[in-house]
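Below is one structure; the comments refer to it alone.
Please treat every number below as a calculation from the coordinates, not as lab data. In this text the structure is predicted, and so the values were computed from the model without any measurement. In this analysis, Cβ positions are derived from the backbone assuming ideal geometry, glycine residues included, and neighbour counts consider all displayed protein chains.
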Amino acid sequence: MDELIQQLANGVTKGSYYALIALGYTMVYGIIQLINFAHGEVFMLGAFIGLWTFNLGVSAFGWGGTSVVALVVVLLVAALATPVIGVSLERFAYRPLRHAPRLAPLITALGASFLLQQAVAVFYTRGQLQFPDLFPSTSFQIGGASIQLLWVFMVTVALVLTLALTLFIRTTRLGKAMRATAEDPDTARLMGINVDVIIALTFVIGSALAGVGGVLAGMYLGQINFFMGFIAGLKAFTAAVLGGIGNIAGAVLGAFLLGILETFGAAYLGGQWQDVFAFCVLILVLVFRPTGLLGERVSA
Amino acid sequence: MSASASTTVARREGDRAEALARLWSRVRLPLVAAPVGGLVAVAGCYLYWTLATILVEGVPLTGFLVDFGFGGVRRWALLLAIASLAYGGFLLLRRQPRTGRQGEALARLGLGLTVVPLLWMVTLVTFLNAELSQIGPGPWVTAAGGALVWLAGRGLLDAPLGAAPEEWPRRSVLVDGALVVVVELVAFGVFLVGIAVDDPGEFLGFFVALTAAGGALASLGIFKGLAGPFYRLDAFAIALLAVLLLLFPFTQAGNTFWIQVTAQAGLFVVAALGLNIVVGSAGLLDLGYVAFFGIGAYTAALTGNALLTNVNVHIPFVLVLLVVAPLVTAFFGVLLGAPTLRLRGDYLAIVTLGFGEIVRITLNNADAITRGPNGISSIPDPTVGGWSIGDGFSLAGFDIPGNGVYLYLELLLIAITLFVMYRLNDSRIGRAWIAVREDEVAAAAMGINTTVIKLLAFAAGAFFAGMAGAVNAHLLTQVSPDSYTFAISVLILAIVVLGGIGNPPGVALGAIILTFLPEKLREFSDIRFLVFGFALVLMMRFRPEGLLPSARRRRELRATDEVAVAESQQLFDIRSGT
């Protein structure tokens, strides 16, 4: 029983950062039907930007150990810097190909993913970097399971951001424009919506969420490297498909579900089979329910 | 009277202005600038390129860069400069470029001429820690001359573009044949020169110069024109190319390195041709193609009598190569295909990617059979009779090393693959693939069994990957899960995309470029995947149909009215018999 709770907690925590990445995948797919392969790299860059910010803070303001200020600043900077990357990708790589056949932007996305990954590897480092403990490493017990406070924080952040995003899409004018664009870009344009701006906005939101996810994952995993975005991105996309792509609630549900399934799979099959297990889940879902658990639905 | 006088004066002035304008339009500034730029660049090539001794791994660069003797990168800059001078001079003598394409050609030459010295300086400063002050005036002057030529070319762009280039019509078989022979010999020569250029910095210059020259020829419509003779004499062209490739190991004087690289490129040609069936013909994006390559390699490794292995089954290589490995991979192709049939394109991409990862991780974890991360090593060369093909052979005083024999084997495989591919494409199955690619619903409505057709595409693609993988295991004498990562899937896909989806010669060109370039630029190997990603993005942005596109693909990917009109015009021409 304790073991069960422990694994569940691990899985949910993992699911929280998968969810933050999956939201970006699902929104971009929902609006321009593109698998943005480079999105995992935006997540990775979020972690690196977080680390650089922290190091800067250490040298400039003497940050050390855990501090609320450092945590908030690092999260904010990551969330503000990653959209620049996401929007540049959209502007220079994807927008020129919006009316090209589907294969072209997909290959561009692959290339962009390689480019970002290797840019970090070449100009910064190929090694593992320690990520600082920005959050107090206290833990508490539920039954016999030991739960870290960080995990609760991560899940809370993921849920709050999802809620905020849902509210944004459901209630604001921009959210409405976003839904309209996802539904039918041409008609949306006729209704006076600036489709280019809306698509860019989608990338801004998606990248910011991935950036926050990157910092959280960095704290959770304790170390980061240039390659971390690839598998995480793949998993997040799996999660988005699992929940039904284009569907925000679905992406989050899928992410938590995948995190939990994966943790249990790793616990009972052995850690080396964890990724195989995740991809098998993906294939099974697509075979038996190609539209995902909650069905494909356009944003919100 | 005064009135008439004034009109005369006015007319005279008018005449003068008109004459001046006419003169000016004849001797246009860009027309003069082009040969001047060429001349400046030539002069730049004869100036000092380095001022001080720059050490490269302890060896001074002075030898061929400070002296007036030619060597190194400035040789290629000089060739481009002479070409610019000659072509600019030719246009000046003709007074006027007839079409904007000539201006474009000039601009491309100039751009290349600017980039070669600049790139040389950048590599010198960033990779060899040279100081900017150690660099002489030569590269700067050459680059300036190049920029002048480039600007001149841009200035001439305002001339009407003229008709789209066309294939040269048949004159006589002899002319066509001579053109094919000359072009293939030149291409083969360029290939040999490229191999002979050893220094990576110089190779970069060579490659840029080659690209610029190729670009210039392309804007003049030479390649489009040459397509005519090549289409008419395709069998002869392929046979000649095969003969040249058979001769290739003889040119290397026993040095096996580049033969090995060519053999590796040959394997990628086979694999890429297989992927071309899946992606090009059937339009199914497969991002886990490396899995089949890996499964083929492991099949050959497990049955190939390897020294370090846990499985001691031995099956003759010929059987493995032509039957066992391809059939095993084809089986896995169907296994992957079956659950993914209902998926749309993008989902398919991600599932195949997942499949590739599943296979790699499984190979890594199934220690009992695959020896895990260590892989299987010391795989012996296959033997025919008592002769191990790794020993090579001697012919007419030339020693052909073992990997030369592998190259011959691959040429045979490529021939088989091409034969099967062309036959398939012309068959009901091939047409069904295209139909499914274009519109699955319509294809199903026409009575095509889309399930079977898609599975066949997966199986056929996997089949050839299996063959390539089997040879790969023996060629490299070892297999390990690290050799079959996602990056290789992307590499094979990039080969298909770079060369031109759906066009076998293009695929071959893509394989040669993408295998040789990293080997040639080994010094910069750190950044090669970076460049690779950048190249994919740029390629999709500016030339999505690849370097040598098939006409059909070009139309699909460009889908501009201009091209469509040109195509339909051609169709019309053929029908009306002109």
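In order along segment B:166-173, the Karplus-derived 3J(HN,Hα) couplings, from 6.51 cos²θ - 1.76 cosθ + 1.60 at θ = phi - 60°, round to 10, 5, 5, x, 5, 9, 8, 4 Hz, and Gly and Pro are given as x. Calculated from the alpha-carbon coordinates, the protein assembly as shown shows an Rg and a Dmax of 30.5, 120 Å respectively. Working note: Karplus 6.51/-1.76/1.60 with θ = phi - 60° gives segment B:385-395 the couplings x, x, 9, 7, 5, x, 6, x, 8, 10, 9 Hz, where Gly and Pro are set to x. With the cut-off at 1.5 for a/c, could you classify segment B:281-328 from its C-alpha gyration tensor as rounded, prolate or oblate? It comes out oblate by the Cα gyration axes.
What is the local net charge at B:Val405, summed over the other residues whose Cβ is closer than 12 Å to its Cβ (Lys, Arg +1; Asp, Glu -1)? Don't skip to the end; give the middle numbers.
Details: positive: none; negative: B:Asp381, B:Asp391, B:Asp399, B:Glu410.
Value of the local net charge: -4.
Backbone amide hydrogens, once placed in the peptide plane, bring A:Ser139 within less than 5 Å of A:Leu149, excluding anything fewer than 5 places away on its chain. Around the Cα centre of the protein assembly as shown, unit charges on the Cβ atoms of Lys, Arg, Asp and Glu (plus for the first two, minus for the last two) sum to a dipole of about 2360 debye. In segment A:2-231, the convex hull through the Cα atoms has an average projected area of 14.0 nm², a quarter of its surface area.
Shielding of B:355-367 by partners, i.e. mean partner chain Cβ atoms within 10 Å per residue? Before the final figure, lay out each step's value.
Numbers: counts 4, 1, 7, 9, 1, 2, 7, 3, 0, 2, 4, 0, 0.
Partner-chain Cβ atoms within 10 Å, mean over residues of B:355-367: 3.
Comparing mean-square fluctuations of A:Val122, A:Val285, A:Val28 from a GNM of chain A with C-alpha springs under 10 Å, the top value falls on A:Val122.
Between B:Leu157 and B:Asp15, what FRET efficiency comes out of the Förster formula 1/(1 + (r/R0)^6) with R0 = 25 Å and r the beta carbon distance, rounded to 0.05? Can you show the working numbers first?
Values: r = 31 Å, r/R0 = 1.23.
It comes out at approximately 0.20.
Separation of segment A:186-216 from segment A:84-163 is 16 Å, based on Cα centroids.
For the peptide A:237-245, the mean number of other protein chain Cβ atoms found within 10 angstrom of a residue's Cβ is 2. Taken one residue at a time, the phi angles of segment B:482-489 give Karplus couplings (6.51, -1.76, 1.60, θ = phi - 60°) of 5, 7, 10, 8, 4, 4, 6, 4 Hz. Gly and Pro are set to x. Answer rounded, prolate or oblate for segment B:233-296, using the Cα gyration tensor with square roots of eigenvalues a ≥ b ≥ c: rounded when a/c is under 1.5, else prolate when a/b is larger than b/c, else oblate. Taking the square roots of the gyration eigenvalues as a ≥ b ≥ c, segment B:233-296 is oblate.
Peptide packing for A:127-137, A:108-118 was compared via the average number of neighbouring C-beta atoms within 10 Å per residue; ordered from the highest value, the list is A:108-118, A:127-137. Extents of segment B:125-251, taken as max minus min of Cα coordinates on every principal axis and listed largest first, are 57, 48, 18 Å.
If you take each beta carbon of peptide A:91-101 and count the beta carbons of other chains within 10 angstrom, what is the mean?
Other-chain Cβ atoms within 10 Å of each residue's Cβ, averaged: 3.
Near the amide H of B:Thr485, within less than 5 Å, lie no amide hydrogens of residues on another chain or at least 5 residues away, with H placed in the peptide plane. Dipole of the protein assembly as shown (Lys/Arg Cβ +1, Asp/Glu Cβ -1, origin at the Cα centre): which of B:Val116, A:Ala70, A:Ala210 lies farthest to the positive side? Projecting each Cα onto the dipole axis, the largest value belongs to B:Val116.
For the ranges A:191-199, B:114-122, B:145-153, what's the packing order if you count other beta-carbon atoms within 10 Å of each residue, average per peptide, and put the highest first?
On the way: A:191-199: 15.4, B:114-122: 22.0, B:145-153: 26.7.
Top to bottom by mean Cβ count within 10 Å: B:145-153, B:114-122, A:191-199.
Amide H to amide H distances under 5 Å link A:Leu34 with A:Tyr29, where only residues 5 or more positions off or on other chains count and H is placed in the peptide plane.
Within straight-line reach of A:Lys14, meaning a Cα separation under 22 Å, sit the following lysines at least 8 residues removed in sequence or on another chain: A:Lys235. Looking at segment B:392-431, the pairs of alpha carbons with a distance over 12 Å make up 66% of the total.
Positive end of the dipole of the protein assembly as shown (Cβ unit charges, origin at the Cα centre): among B:Gly88, B:Val175, B:Ala297, the Cα lying farthest that way belongs to B:Gly88. Here the peptides A:221-229, B:425-433, B:288-296 are ranked by packing, the mean other Cβ count within 10 Å, and the order with the highest first is B:288-296, A:221-229, B:425-433.
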